[in-house]
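Following: one structure in C-alpha cells, then a few remarks.
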C-alpha cells in the first residue's frame, strides 16, 4: 500500500513539474493518466520494495552526496590517467565480495561501482562481483571496502518475507 | 549578481566540455574495450553533471531547473545499466581484458585473483 502511495505521489509530482499548467482539462488528463499507470503497474505486479525502495530514501540523502564526491575524485584520477597515456593505467579484473543482504542493496552497490569512473562491474554472481578497474588508484579505492560498508548501511536490511535474497 | 551567475555558469559548462573532450580522447587512446568504457564513464558523470550545473545557473529557480534535474537523475540511473550491459556483451562475445587469462566457462575473465573484502 505504501509503495502504491509512493508511486502515485511520484507520478503526480512528475506530471506537475513537466507540465506546469494548472488548467482543469490538463489536470483531469493528468489524473486519468496517473490512475491508468498505477492500475497497469498493479496488474504487472511491479509495485513493491524493489521498484520503490522508499526504506532507503532517508539514508540515501546522506549516501548520494558522498557518492557524488567519490565520482568527482574518481573522474579526476581517470582523466589524468587518460592524459598521461598508457603508462598511467594498470587495467585489472578483481573480485569483490558484497556484504549487502538484499537484491536492491547489491544492485545499488554494483551500480555505484559502475557509475564511478575507473571501475565497472562486469559480472554479478550472488555476493561475488567481478570488477574491471582501470588504474591502481581506482582498484585500491574499491579494495578499501568503504563503499561496500556505506551501501550496507544504506540498505538497512529488515527481515520480512518479501525481501528475496540471491 | 547576474554577472557572477553568468561567469559561474560558463565556467561550469566549459569545464564540463573539457571533461567530455578528455573522455572522447580516452575512448580512442585507451587500449581495449573495457578500458574505453571507463573513459565513457567520465562523459556520463562529470561531463553531464557540470554541463547540467552550468545550465542550472542560467535557469534559476524555475520549472526548467526541475526538468534539468530529472534529466540528470535519469542519466545517473540508466548509464551504469547500459555500461554493464555493454561489458557483459563484450565478455560473452569472447573479448578478454588486457593481460587476462581465460576462466573455465569462458565468460568470466580473472586477471589477478584478489578478494577485496579480505583486506578490510
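Just so you know, all these numbers are worked out from the coordinates, no wet-lab data involved. Please read all numbers here as calculations on a predicted model, not as lab measurements. Glycine also receives a Cβ, built like all others from the backbone with ideal geometry; neighbour counts cover every protein chain displayed.
A compact table of results
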{"read-out": "Distance between modelled label sites at residue A:45 and residue A:22, nm, 7 Å Cα→Cβ extension", "value": "4.2 nm"}
{"read-out": "On Cα atoms only, tilt of A:2-19 relative to the major axis of chain A in degrees", "value": "90 degrees"}
{"read-out": "Tilt relative to chain A, helix A:103-115 - C-alpha long axis, 0 to 90 degrees, to 10", "value": "60 degrees"}
{"read-out": "Length gained when the stretch residue A:9-residue A:62 is fully extended (0.36 nm per residue, less Cα-Cα span)", "value": "16.9 nm"}
{"read-out": "Residue exposure sequence - A:136, A:92, A:149 - by fewest surrounding Cβ within 10 Å", "value": "A:149, A:136, A:92"}
{"read-out": "Rg/Rh ratio calculated on Cα atoms of the protein assembly as shown (Kirkwood radius)", "value": "1.01"}
{"read-out": "Peptide A:86-92 - average C-beta neighbours from other chains (10 Å radius)", "value": "5"}
{"read-out": "Per-residue [θ]222 nm for the protein assembly as shown (sum of -39500 (n - 2.57) over DSSP H runs n ≥ 4, rounded to 500)", "value": "-21000 deg cm²/dmol"}
{"read-out": "Between 0 and 90°, nearest 10: helix A:146-155 axis offset from chain A longest Cα axis", "value": "20 degrees"}
{"read-out": "Modelled FRET efficiency - R0 41 Å, residue A:136 with residue B:58, Cβ distances, 0.05 increments", "value": "0.55"}
{"read-out": "Residue-averaged beta-carbon neighbours from other chains (10 angstrom radius) around A:59-71", "value": "1"}
{"read-out": "Overall dimensions of the range A:1-99 as given by Cα atoms, namely Rg and Dmax in Å", "value": "21.4, 64"}
{"read-out": "Highest-fluctuation residue, A:30, A:105, A:20 considered, GNM on chain A with Cα pairs under 10 Å", "value": "A:20"}
{"read-out": "Order of B:35, B:87, B:20 under a 10 Å beta carbon neighbour criterion, fewest first", "value": "B:20, B:87, B:35"}
{"read-out": "Least to most buried among A:125, A:48, B:44, A:103 (fewest other Cβ within 10 Å first)", "value": "A:125, A:48, A:103, B:44"}
{"read-out": "Inter-chain Cβ neighbour average for residues A:33-39, partner chain, 10 Å", "value": "0"}
{"read-out": "Additional length obtainable on full extension of the chain from residue A:72 to residue A:37, 0.36 nm per residue less Cα span", "value": "8.9 nm"}
{"read-out": "Cα principal axis extents for the range B:2-96, largest first, Å", "value": "54, 25, 9"}
{"read-out": "Fraction of the pair-distance distribution of chain A above 27 Å, Cα-Cα pairs, percent", "value": "43 percent"}
